[in-house]
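Q: Have a look at the structure that comes next, please.
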Amino acid sequence: MITLEATYVLMGLMVGGIAAVNARDATNPRRWRTTAFWTLYALLFLAGSYLPALVSGVLVLSMVGVAAAGLGQGTATSSTTESRSASAARWKNRLFVPVLVVPVATFAGSVALKGLTVNGRPLVDPKQATQIALGLATVLGLGTALVMLRPPLSASITEARRLMDSVGWAAVLPQSLAALGAVFAAAGVGTVIADLSTTYLPLGTPLAAVIAYAVGMALFTMVMGNAFAAFPVMTAGIGLPLVVQQYHGDVVIVTAIGMLSGFCGTLMTPMAANYNIVPAALLELRDRYGVIRAQVPTALILLVANIVLMAVFAFR
Amino acid sequence: MLPDMLPLIGILIVVVGFALRLNALLVVTLAGLATGVASGKLLPDVIALFGQAFVESRYVAIVWLVLPVIGLVERAGLKERSRAVIGGIQMATAGRVLVVYLALRQVTSALGLVSLGGHAQMVRPLVAPMAEGAAELRHGALPIATRERIKAMAAGADNVGMFFGEDVFVAIGSILLIRGFLEQNGIIVEPLQLARWAIPTALIAFAVHGTRMLLLDRRVAREVLADAARVEATAPDTPAAHP
């Protein structure tokens, strides 16, 4: 059975390559710190499955230490404005092909891989099919780009380095937040919050309970960075016992819109790093919270809309 | 009361750390260590837990494998071409480009095609350069703040479109989570019922975010004018100002 391990090896090789390019780049003012950071990250991909948890933890802490001291970015470029304009004029819309290969192949692959069996066993773990398909699709996209554009082979890694270093340590943030979520869960943070909210919130009317549930979902999602982590806690604490059982709200409407209220929180929190912080880095915004700022008005209006929908339709 | 509240110290660290704009990676790690220790675990055990969870969630980083592809095609003029394509469409403005992407993202997500979008795959190489290019063709060079606002709205289009589209699809994670949670509590619901109640919010999300994007065009025009006026006022070659 093919597992995610294969894609982790690919990631390890790519990140290792990025470290090597940095090690050879004298234009990076923080050359060795940047090299150390990506070397440690590559190690966690290649060996993470075999290392004792404590060793992995120490490696992660070392990465964080290096990142806190500050990473740098080299200034060397492999193309000029002129060369890009000339190439764009030559390739025209065919340039979009390698880029679009990735999402299309990811989708096709995730559908195909789920159904494939060898000797009655699934070829890939169905739960990991999409992630494995994404890994395969990027290889296909890279192959297309290399065959079509015929760049020097080293350009694939120097270009990956250029993009990865513009994202910097933010690239690792989603994983650290997942780890924080695991610690929160082990420490019982969710139950403490649920107890607090049911003890101190005014929940005397159906409308108050609806507002407490929807706003609670949004706020707790902002804290955890993930509506999936907030949903069981807030629904067990307020949604089911109060809105549904005490005030006879429709369970389908309450839980469906409760989850969507959580998504409003996702739009407003730096804890949802892969949606809000990583894109800001990827788009090279000066304001790290620029994406969140752009989303807050939409999120607040939608939260109010969700409360109104729940209050109007759940108690008919 | 006090010992029960102690695990919340991690949340306090996160809120203060993010508000002070400290290095987010450092803040998150310290919050994790503090929470673990505050809940009575030994430091080495907390470090091990943190490391294990970090390793187990490596799958969220697989999307970075797309960087060599994007980088190579950018090197060959992808952004330049994206702008040229948009330049050929007279109707195009930044806001309209983003509304079209929002609609595509929401509809494809509602059909379960969440993997067709994404910040690394679509927004950075295609959507953001197209929106920027459309604004530039209409207004000339853009002030930096305006450029950043357009890019940030492009990222927002991807998020809003996906979050409020995917729940309309019956087999998506969030619908299955709700169903599983209710089942544990002895309540059986059909995924289709849950997905149906995601539709009103999905429509409102499109109306609200779509409107904000169309308003973005006016704001861009206003900011470009204001910037031009400021440049003119400070330009040395206006002798009328110095009689």
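Q: Filter the helices (runs of 4 or more DSSP H) completely within the range A:213-316 down to those with at least 3 residues that are more than 30 Å from B:W64 (Cβ to Cβ) and in contact with a Leu (Cβ under 7 Å, 6 or more places away or on another chain). Break it down stepwise before answering.
A: On the way: elements: A:227-234, A:251-266, A:273-282, A:290-313.
The qualifying helices (runs of 4 or more DSSP H) are A:251-266.
Q: A further question on this structure: If only one of A:G168, A:G141 is buried (at least 16 other Cβ atoms within 10 Å of the Cβ), modelled with pLDDT of 85 or more and either within 30 Å of A:G70 (Cα to Cα) or among the aliphatic types (A, V, I, L, M) (or both), which one is it? Break it down stepwise before answering.
A: Working: A:G141 fails: either within 30 Å of A:G70 (Cα to Cα) or among the aliphatic types (A, V, I, L, M) (or both).
Step by step, each of A:G168, A:G141 is checked, and only A:G168 is buried (at least 16 other Cβ atoms within 10 Å of the Cβ), modelled with pLDDT of 85 or more and either within 30 Å of A:G70 (Cα to Cα) or among the aliphatic types (A, V, I, L, M) (or both).
Q: Please give the helices (runs of 4 or more DSSP H) falling wholly within the range A:1-117 in which 1 or more residues are of a type in the set (A, V, I, L, M) and touching an Asp or Glu at 6+ places or on another chain (Cβ under 7 Å).
A: Values: elements: A:5-23, A:31-47, A:53-69, A:81-91, A:96-115.
Where helices (runs of 4 or more DSSP H) fall fully within the range A:1-117 and carry at least 1 residues being of a type in the set (A, V, I, L, M) and touching an Asp or Glu at 6+ places or on another chain (Cβ under 7 Å), they are A:81-91.
Q: For residues that are at the interface with chain A (Cβ under 7 Å from one of its Cβ atoms) and farther than 21 Å from B:I204 by Cβ, scanning just the range B:150-164, find the one that is surrounded by the fewest Cβ atoms within 10 Å (Cβ to Cβ).
A: B:A152
Q: Can you pull out the residues in the range B:109-127 that are among the hydroxyl-bearing types (S, T, Y) and more than 9 Å from chain A (Cβ to nearest Cβ)? Spell out how you get there, then give the answer.
A: Taking the range B:109-127 as the starting set, the residues that turn out to be among the hydroxyl-bearing types (S, T, Y) are B:109, B:115.
Answer for the range B:109-127, where residues must be among the hydroxyl-bearing types (S, T, Y) and more than 9 Å from chain A (Cβ to nearest Cβ): just B:S109.
Q: Mind counting the residues in the range A:66-101 that are over 22 Å from the mean Cα position of the chain (by Cα), closer than 18 Å to B:L22 by Cα and either without any contact (Cβ under 8 Å) to a residue 12 or more places away in the chain or exposed (fewer than 14 other Cβ atoms within 10 Å of the Cβ) (or both)?
A: Summing the residues that are over 22 Å from the mean Cα position of the chain (by Cα), closer than 18 Å to B:L22 by Cα and either without any contact (Cβ under 8 Å) to a residue 12 or more places away in the chain or exposed (fewer than 14 other Cβ atoms within 10 Å of the Cβ) (or both) in the range A:66-101 gives 2.
Q: Report every pair of residues separated by at least 6 positions or lying on different chains whose Cβ atoms are under 6 Å apart, first residue within the range A:142-158 and at the interface with chain B (Cβ under 9 Å from one of its Cβ atoms), second surrounded by fewer than 17 Cβ atoms within 10 Å (Cβ to Cβ).
A: A:A155/A:S78; A:T158/A:S78
Q: Next question. Just checking, does the range A:173-195 include any residue being surrounded by 24 or more Cβ atoms within 10 Å (Cβ to Cβ), at the interface with chain B (Cβ under 7 Å from one of its Cβ atoms), in contact (Cβ under 8 Å) with a residue 40 or more places away in the chain and among the β-branched types (V, I, T)?
A: The answer is no, given that none of the residues of the range A:173-195 is surrounded by 24 or more Cβ atoms within 10 Å (Cβ to Cβ), at the interface with chain B (Cβ under 7 Å from one of its Cβ atoms), in contact (Cβ under 8 Å) with a residue 40 or more places away in the chain and among the β-branched types (V, I, T).
For (1) under 24 Å from B:E183 (Cβ atoms); (2) without any contact (Cβ under 8 Å) to a residue 40 or more places away in the chain, each residue gets a yes or a no:
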| position | (1), (2) |
| --- | --- |
| A:G225 | no, no |
| A:I238 | yes, no |
| A:S261 | yes, no |
| A:N276 | no, yes |
| A:E284 | no, no |
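Q: Also, I was wondering about something else. Filter the range B:189-232 down to the residues that are over 20 Å from the mean Cα position of the chain (by Cα) and within 22 Å of A:S261 (Cα to Cα) and list them by number.
A: Selection gives B:V189, B:E190, B:P191, B:L192, B:Q193, B:L194, B:A195, B:R196, B:W197, B:A198, B:I199, B:P200.
Here's the yes/no breakdown for (1) acidic (D, E); (2) within 25 Å of A:A42 (Cα to Cα); (3) more than 20 Å from the chain's Cα centre (by Cα):
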position: B:V55; (1), (2), (3): no, yes, yes
position: B:V63; (1), (2), (3): no, yes, no
position: B:L72; (1), (2), (3): no, yes, yes
position: B:R96; (1), (2), (3): no, no, no
position: B:V114; (1), (2), (3): no, no, no
position: B:Q121; (1), (2), (3): no, yes, no
position: B:R124; (1), (2), (3): no, yes, no
position: B:V127; (1), (2), (3): no, no, no
position: B:L137; (1), (2), (3): no, no, yes
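Q: How many residues, within the range A:85-108, are more than 19 Å from B:L113 (Cβ to Cβ) and hydroxyl-bearing (S, T, Y)?
A: The number of residues fulfilling the criteria is 2.
Q: So A:T198 ticks every box in (1) out of contact with any Asp or Glu (no Cβ under 8 Å at 6 or more places or on another chain); (2) over 24 Å from B:L176 (Cβ atoms); (3) within 11 Å of chain B (Cβ to nearest Cβ) but one. Which box is left unticked?
A: (3)
One line per residue, one yes/no per condition, for (1) in contact with a His (Cβ under 9 Å, 6 or more places away or on another chain); (2) polar (S, T, N, Q); (3) at pLDDT 95 or above:
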| residue | (1), (2), (3) |
| --- | --- |
| A:W38 | no, no, yes |
| A:A42 | no, no, yes |
| A:S49 | no, yes, no |
| A:V60 | no, no, yes |
| A:G74 | no, no, no |
| A:A86 | no, no, no |
| A:F96 | no, no, no |
| A:V99 | no, no, no |
| A:G109 | no, no, no |
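The values are calculated or read from the model by the stated rules, or taken from the named source; none is laboratory data. This one's a predicted model, so the numbers in the text were calculated from it and none came from an experiment. All Cβ positions, even for glycine, are placed from backbone atoms using ideal geometry, and neighbour counts span all protein chains on display.
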